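Enquirer: Have a look at this one.
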Amino acid sequence: MSTDLLAMQLGYNNYTFHRNTEGVSHQESLVQPHPGGNCLNWVVGHLASSRDQMRGLVGLAPTLGENESPVYARSAEPLTDASKAADFDQLTAAFAQDQDDILTAVAGLTAEQLAAPAPFSPGNNPRETVATLLAGLVFHEAYHIGQTGVLRRIAGHAGVLT
């Protein structure tokens, strides 16, 4: 797998993420979709939590605080208590910092490092490699970034991508 392709996909994700979150206030990020689902704040926090997994995979320290991580975990309840939400601007700023850090780390990965067994596998794949796990995490990120476009509109903002 080419690290250039991963970098390109991360670039598309980053562009779309920032367009979809631009101009959204913290309060607006807490607007709940109906009849169910997660608010924009939760999705962005979940992306930051997922980025921490990606950071660990490429040898970087996490950026999301330990106290915030459980709120944004995969199996967490929908975020309906505003007092548990991380500041939306801090979450989006962390994503921006993660982008540069992860791109630099990914560019430095060797073919041997990419082919190494992954330290975990969300799908319990016994043949999961660092490369396949990175590709899966980037796909997972793109899935949720797509949700940010819909949640932006639910929060009262116009769509930004056509």
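The values are calculated or read from the model by the stated rules, or taken from the named source; none is laboratory data. Just so it is clear, the model here is predicted, and its values are computed rather than measured. For neighbour counting, all protein chains shown are included, and Cβ atoms are generated from backbone atoms with ideal geometry for every residue, glycine included.
Enquirer: Return the residues of region 1-26 that are touching a residue at least 40 places away in the same chain (Cβ under 8 Å), over 18 Å from Leu133 (Cβ atoms), out of contact with any Asp or Glu (no Cβ under 8 Å at 6 or more places or on another chain) and not small (Gly, Ala, Ser); say none if nothing qualifies.
Expert: Tyr12, Asn14, Thr16, Phe17, His18, Arg19, Asn20, Thr21, Glu22, Val24
Quick grid of which residues meet (1) more than 19 Å from the chain's Cα centre (by Cα); (2) within 17 Å of Val58 (Cα to Cα):
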{"position": "Glu128", "(1), (2)": "yes, yes"}
{"position": "Leu133", "(1), (2)": "no, yes"}
{"position": "His144", "(1), (2)": "no, no"}
{"position": "Gln147", "(1), (2)": "no, no"}
{"position": "Val150", "(1), (2)": "no, no"}
{"position": "Ala158", "(1), (2)": "yes, no"}
{"position": "Thr162", "(1), (2)": "yes, no"}
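Enquirer: Can I ask one more? Looking only at region 121-162, count every residue that is touching a residue at least 60 places away in the same chain (Cβ under 8 Å) and assigned to a loop (DSSP other than H, G, I, E, B) and tell me the total.
Expert: Number of matching residues: 5.
Enquirer: Checking Pro78 against (1) in contact (Cβ under 8 Å) with a residue 12 or more places away in the chain; (2) part of a helix (DSSP H, G or I), only one condition comes out false. Which one?
Expert: All conditions pass for Pro78, except number (2).
Enquirer: Looking at (1) buried (at least 17 other Cβ atoms within 10 Å of the Cβ); (2) in contact with a strand residue (DSSP E or B) (Cβ under 8 Å, 6 or more places away or on another chain), which is the one condition that is false for Ala115?
Expert: (1)
Enquirer: What about Leu91, is it assigned to a helix (DSSP H, G or I) and modelled with pLDDT of 95 or more?
Expert: In short, no.
Enquirer: Looking only at region 43-66, filter to residues that are touching a residue at least 40 places away in the same chain (Cβ under 8 Å) and of a type in the set (S, T, N, Q); which one of those is surrounded by the fewest Cβ atoms within 10 Å (Cβ to Cβ)?
Expert: Gln53
Enquirer: Restricting attention to region 27-36, does a residue exist that is crowded, with 18+ Cβ neighbours inside 10 Å and farther than 20 Å from Gln147 by Cα?
Expert: no
Enquirer: Of everything in region 68-107, what is small (Gly, Ala, Ser) and either touching a Cys at 6+ places or on another chain (Cβ under 6 Å) or surrounded by fewer than 11 Cβ atoms within 10 Å (Cβ to Cβ) (or both)? Give them in sequence order.
Expert: Correct list: Ser75, Ser83.
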